[in-house]
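These notes concern the structure reproduced below.
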């Protein structure tokens with residue numbers, strides 16, 4: 001039960017970060033450049049790969065899809081922890097997938113993002129690892 005709760009908390013943190021990121025992608029100006037002229041140039045400049053979009057639209061799309069990845073992680077691992085704990089805790093594939101994903105998010109947060117995502121992902125990673133340690137301690141006790 002403790003292991004499930006720890007992974008559920010981890011998943012909840014990532015889910016909340018994903019939902020918050022999706023909200024600020026579309027609401028307000030938190031992800032806008034401080035330079036209004038730059039925003040206008042981004043809206044009228046296309047990337048080399050295609051003239052059918054703008055750098056601005058690609059930016060919004062990248063942020064939205066990034067949010068959906070975090071939301072999917074939170075929903076999937078939250079569901080597995082709450083409803084299918086035997087599957088989650090006895091599958092090396094699922095356990096490692098979650099661990100690698102959280103480690104990748106943590107690395108990106110450290111290299112490219114700002115303090116709040118780094119702190120949230122760090123906490124989520126700690127809860128996730130603690131959940132698997134708690135499960136394995138129970139199994140081998």
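Working ranking of peptides 47-59, 89-101 by packing, defined as the average number of other Cβ atoms within 10 Å per residue, highest first, is 89-101, 47-59.
Helical runs assigned H by DSSP (4 residues or longer) give the chain a calculated mean residue ellipticity at 222 nm of -28000 deg cm²/dmol, each run adding -39500 (n - 2.57) before division by the residue total.
For the peptides 24-35, 7-18, the ranking by packing is 7-18, 24-35, with the highest mean count of neighbouring Cβ atoms within 10 Å listed first.
Extension gain residue 68-residue 24, at 0.36 nm per residue separation less the Cα-Cα distance, in nm?
14.5 nm
Label-to-label distance, residue 126 versus residue 60, with points set 7 angstrom from Cα along the beta-carbon direction: 3.8 nm. Look at 112, 79 and count the other Cβ atoms within 10 Å of each Cβ; fewest to most, that gives 112, 79. If you take the Cα centroid of region 3-24 and the Cα centroid of region 64-141, the two points sit 9 Å apart.
For the pair residue 44 and residue 92, the difference between a 0.36 nm per residue extended length and the Cα-Cα distance amounts to 12.6 nm. When each of 76, 1 is scored by the number of other beta-carbon atoms lying within 10 Å, the sequence from fewest to most is 1, 76.
Take 69-75, 102-108 and order them by the average number of nearby Cβ atoms within 10 Å per residue, most first; the result is 69-75, 102-108.
Across the chain, Cα-Cα pairs more than 27 Å apart make up 33 percent of the total. Label-to-label distance for residue 16 and residue 137 is 2.3 nm, based on points extended 7 Å past Cα in the beta-carbon direction.
Any read-out appearing in this document is the output of simple, stated calculations on the displayed coordinates, not a laboratory observation. Every value quoted in this text rests on a predicted model; they were computed, and no experiment measured them. All Cβ positions, glycine included, derive from the backbone under ideal geometry; neighbour counts span all protein chains shown.
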